[in-house]
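See structure below.
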Amino acid sequence: MVSTGNPGGSSSTPVNVSGVTAAVAVASGFDYNCALICRRQQPECWGRGLDGQLGNGFQTNSSIPVDVALVGGPWR
């Protein structure tokens, strides 16, 4: 997966994101990105997370994809 997400700030240069394969949908926000992973039916996000943007319950940045905490069970 290629992304322009950069936990340290904005970048217009794409970077490789390891661990994201078989994504069926991708969304981007301000300095963060998310992908829906087909094989797991699970969204994963990476990038800036200081305000909880990554959805994993923490307020930290991540350059590797983290699972989004889902309320009420698996993604459908």
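The values are calculated or read from the model by the stated rules, or taken from the named source; none is laboratory data. None of these values were measured; they are calculated from a predicted model. Virtual Cβ from ideal backbone geometry, glycine too; neighbours counted across all protein chains shown. Heavy atoms of the whole protein, side chains included, go into the accessibility calculation; ligands, DNA and RNA do not. Shrake-Rupley method; radii C 1.70, N 1.55, O 1.52, S 1.80 Å.
Any residue in the stretch 17-37 that's under 15 Å from VAL68 (Cα atoms) and assigned to a loop (DSSP other than H, G, I, E, B): show its pairings with residues that are among the small types (Gly, Ala, Ser) and open to solvent by less than 60 Å² (accessible area, probe 1.4 Å) at Cβ separation under 6 Å, as long as the two are six or more apart or on different chains.
Within 6 Å, the pairs are VAL20/ALA35.
Among the residues in the stretch 41-48, are any modelled with pLDDT of 90 or more, touching a Phe, Trp or Tyr at 6+ places or on another chain (Cβ under 6 Å), part of a loop (DSSP other than H, G, I, E, B) and open to solvent by less than 60 Å² (accessible area, probe 1.4 Å)?
No, the stretch 41-48 has no match at all.
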